[in-house]
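Every number in this text was worked out from the coordinates using simple rules, so none of it is lab data. These figures come from a predicted structure and were not determined experimentally. All Cβ positions, glycine included, derive from the backbone under ideal geometry; neighbour counts span all protein chains shown.
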Amino acid sequence: MLKLEKRPQPSQAWTYLTPLLAVILTMIAGGILFAFLGKDPVQAIKTIFWDPLFSEFAFYYRPQLLVKGAPLVLIAIGLSLGFRAGIWNIGAEGQYIIGALCGAGVGLAFYPIEAWYIFPLMVIAGALGGWAWAMIPAILKVRFGTNEILVSLMLVYVAEQLLASMSLGLLKNPQGFGFPGSRNLNDYASANSWIDQSVGLHWGVVAGFIAVIFAYILLNRHMLGFHIRLTGEAPRAARFAGVNPTRLILICLGAAGALAGLAGLFEVAGPSGQVSIDFNAGYGFTAIIVAFLGRLHPVGILLAGALMALTYIGGDIAQSNMGLPSAAIQLFQGMLLFFLLTVDVLTNYRIRLSQREVA
Amino acid sequence: MTGTLLSIRGLTKAYPGVVANNDVSFDIGVGEVHALLGENGAGKSTLVKMIYGLVKPDSGEMELHHLPFAPAEPSAARAAGVAMVFQHFSLFEALNVAENIALGMENPPKMGDLAARIRAVSDLYGLPLDPDRIVGDLSAGERQRVEIIRCLLQDPKLLIMDEPTSVLTPQEVDILFETLRKLSAEGTAILYISHKLEEIRTLCDNATILRLGQVVGTCIPRDSTAREMAEMMVGSSLHVPERSSGDIGPVRLQLNNLSAASSSEFGTTLKNISLEVHTGEVLGLGGVAGNGQDELLAVLSGETLTAAGAVVLDGQPIGNMGPVARRKLGLLTAPEERLGHAAAPDMSLTENALLTGAERQDLENRGFLKWGRAKEFAEEIIARFDVRTPGPGNAARALSGGNLQKFVIGREVLQRPEVLVVNQPTWGVDAAAAASIRQALLDLAAGGAAVVVISQDLDELMEISDRFGALNEGRLSDIRTAKGLTVDEIGLMMGGAHGMEVAHV
């Protein structure tokens, strides 16, 4: 009989091993799933994890890794701060949209002036937009005790409606022959986030790396980071230590919102190029998986973001080359989180084989 | 006393890393009141859990009425006539007494019949209890009666009681003992677990003494002195703290008509509390659990804010300051609940040292943490307070309760507080460690600090307090010089017995 036995303290080794184990289990279960769909499982797994990096066309896919990974890492870093403190911002997708709308709005307002200050202003507007959108659940929670999970999630759908309204109305390209969507910022040099498009490098990638370093220092070397971790581990002890919960909620939700807003801005000013109805691709939700897969640790999030970007790209390839349905790829990503949470038990418990004693 | 009821032969139970019980043997006679005596961690709880079917022994056997007895689960033990009253009650506060009792029964009778039976049993054994009252409104003593009556309704042959008096006023203890004697006279055996020696001397017929999982002696408590039993329990001579009677200096901490609502629904509201603590003084605050102790600590630590003037430290109003500002000024506190309140369970001892030590021990520089110094501070606490742990990198939850308590108290004491407030400083700590904690508190007072000790252990308060007061339903009694107080006077200060009047039928 299998028995779970609580460890005296969390296992250090398993903390690092569980994400790997989860990836392996996902590959196995995903393979079985693909087999049921009538596809060669080995080929499918290879297409998802290997081809983007090492196939004949990898030169095309590798830059995509940075493009897809940057928003995931940027958003996940912000979310992880809140998650560490037990503050559950599920609405990064909405903050991402609003950040993109505000940033693109500022850029488009200057069109067609070319000036060095336009892009920095857009960055600030993007961060502020995401921050403000996150402040809605934050202030409602602090003032009225509402549940930030519900409020932030519902605001995603409000943001989506705003996005649709903007791409059909205020931000619509006046020279777009009536098609929905804004001007393409890729054609507007001063409002463009690309550094080197050929390798997939844009300012969002730089911001992602900066966020990782900043979050690492915050969590490991700074009192605020200590208070964030303490609040998540033991809320009463945090109160006793002198943590102001209101302040912490505002900081954590605000930081997550600002980073998600930045991710949106960099996306709209670079890879996407324009505000359109289907601008948001679910990065805000996938980042939740990235945050957990990365153990809410900045370096872990960097690695998890890269892995998740890989499944995005590999999924696209599998979709076009092997005809795997896109839902199967999303299921595959979902499985990753599912298996991670399952094997997480091993960090705090050990499995023991025990014989049932005969009474 | 006619014959043996329960016979225990060579019971052994090992957990990973520790042998909780090693070859334990003793007998309990019919109608005997048998004491199981030992320090915390001596293996008393494991032993009674085996008798009650909660834990399965690795080896050894038990006989009940000369028949093999190996309960696989508590319901089997109950069916065989073994009942147990736990130290921590398992009652639903929002339900009434009869409903709570019904929940614990296999086949509960109709509510009306049950209420009648509860009244009958409570009258018979002198345990006043109204079956219709909501448990959330009951005192700890009354809640314990609910548990006892729940057991008595099963008509047990053996009643196990785990530290029953730790939450009772002296008067309530008297009522309980009266009941237990009556039960014993009717032939019910009682296995009485405690480390309060005087109680055992007044109540018990025989005593088995455990140390480190082994039986180290038996005695007849009436014929032994408390000191003899204590020495068997501890294995070495007790270190009795010395009262160094320093001069009482100026007022350090002052509470002025302090009132504060509790943050939790079943908490206690503090009403009009005023007190003064002086340099060099230990003020002991007694009272039965749940009479405002936690709330008072929260008001002093800064977790609950009040009007500025309600709390005054060295002449400075601080009632509206948070915990960090208060620590900077020298008011330090140690809450009762170690895991989750005084310490974060999954964090290392170094991180837990940082938890309250950041300001006074200079562990941060403009928000940036000095981990090296934090580790040194943790190591200093571990060394000075004899905390048994492999090192400061260990998680707080890996420590035993007593060791963590030493760490928590040590963390505050070593920060050289101006005023230190502790709640239940030796709760769950073995006798030797408790003595050293008390000594540390006394040394602190002797060194010029003011110390407030909130505790439910009256012996402890009598031992270290200069002055004594008691909390009762959120109010503070008059504060009196501790020397010369009698048990009756203390009981009256604590508000007399709760529910002494017989319930109205």
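Data overview
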| read-out | value |
| --- | --- |
| Inter-centroid distance (Cα atoms) of the range A:75-115 relative to the range A:228-260, Å | 20 |
| ³J(HN,Hα), Karplus 6.51/-1.76/1.60, whole Hz, each residue of the range A:14-20, x for Gly, Pro | 5, 4, 8, 7, 4, x, 5 |
| Estimated FRET transfer efficiency when R0 is 56 angstrom, pair A:Val299-B:Ser75 (beta carbons, to 0.05) | 0.65 |
| Average beta carbon contacts from partner chains per residue of A:227-236, 10 Å cutoff | 5 |
| Top positive-direction residue, dipole computed over the range A:267-359 with Cβ charges, set A:Leu303, A:Ile329, A:Gly284 | A:Leu303 |
| Under 16 Å from B:Lys110, Cα to Cα: aspartates and glutamates that are on another chain or at least 8 residues apart | B:Glu99, B:Asp132 |
| Centroid-to-centroid separation of the range A:33-48 and the range B:132-146 [C-alpha atoms, Å] | 63 |
| Directionally averaged projected area (convex hull, Cα atoms, chain B), nm² | 23.7 |
| In Å, descending, principal axis extents of the Cα set of the range B:365-505 | 63, 39, 34 |
| For the protein assembly as shown, with +1 on Lys and Arg beta carbons and -1 on Asp and Glu, the positive-most of A:Pro41, A:Tyr117, B:Val387 along the dipole | A:Tyr117 |
| Proximal aspartates and glutamates to B:Lys375, defined as alpha-carbon separation beneath 18 angstrom and excluding residues fewer than eight positions away on the same chain | B:Asp346, B:Glu351, B:Glu359, B:Asp362, B:Glu364, B:Asp386, B:Glu412 |
| Spherically averaged projected area of the protein assembly as shown from its Cα convex hull (nm²) | 42.8 |
| Within the range A:271-359, trypsin sites (Lys or Arg not before Pro) in DSSP loop having at most 10 other beta-carbon neighbours inside 10 Å | A:Arg356 |
| Calculated FRET value between B:Phe177 and B:Arg366, using beta carbons and R₀ = 45 Å, to 0.05 | 0.15 |
| The range A:76-234, relative contact order in percent, only Cα pairs under 8 angstrom and at least six apart counted | 28 |
| Those chymotrypsin sites (Phe, Trp or Tyr not before Pro) in the range A:121-184 that DSSP places in a loop and that have at most 12 other beta carbons within 10 Å | A:Phe177 |
| Neighbour-limited loop hits for GluC sites (Glu not before Pro), the range B:64-136 (at most 10 other Cβ within 10 Å; DSSP other than H, G, I, E, B) | B:Glu106 |
| Inter-centroid distance (Cα atoms) of the range B:37-88 relative to the range B:421-499, Å | 34 |
| Three-way shape label, the range A:38-324, alpha-carbon gyration tensor, a/c 1.5 | oblate |
| Rounded if a/c under 1.5, otherwise prolate or oblate - the range A:235-357, Cα gyration tensor axes | oblate |
| Ordering of A:74-86, A:265-277, B:408-420, B:300-312 by packing [mean C-beta count within 10 Å, highest first] | A:74-86, A:265-277, B:408-420, B:300-312 |
| Pairs from B:Lys49/B:Lys196; A:Lys6/B:Lys13; B:Lys13/B:Lys182; B:Lys328/B:Lys406; A:Lys6/B:Lys49 whose Cα-Cα separation, in the structure shown, is over 25 Å | B:Lys13/B:Lys182 |
| Sequence-separation-based contact order of chain A, relative, with Cα cut under 8 Å and 6+ spacing, percent | 36 |
| Size of the range B:4-234 as Cα extents on the principal axes (Å, biggest first) | 48, 37, 33 |
| GNM top mover of A:Leu25, A:Leu331, A:Leu72 - chain A, alpha-carbon springs below 10 Å | A:Leu331 |
| Rounded if a/c under 1.5, otherwise prolate or oblate - the range A:1-141, Cα gyration tensor axes | oblate |
| Straight-distance crosslink candidates among aspartates and glutamates, where the alpha carbon sits under 20 Å from B:Lys271 and sequence neighbours closer than 8 are dropped | B:Asp137, B:Asp294, B:Glu295, B:Glu303, B:Glu473, B:Asp478 |
| Most mobile of A:Val23, A:Val151, A:Val345 in a GNM of chain A (Cα contacts under 10 Å) | A:Val345 |
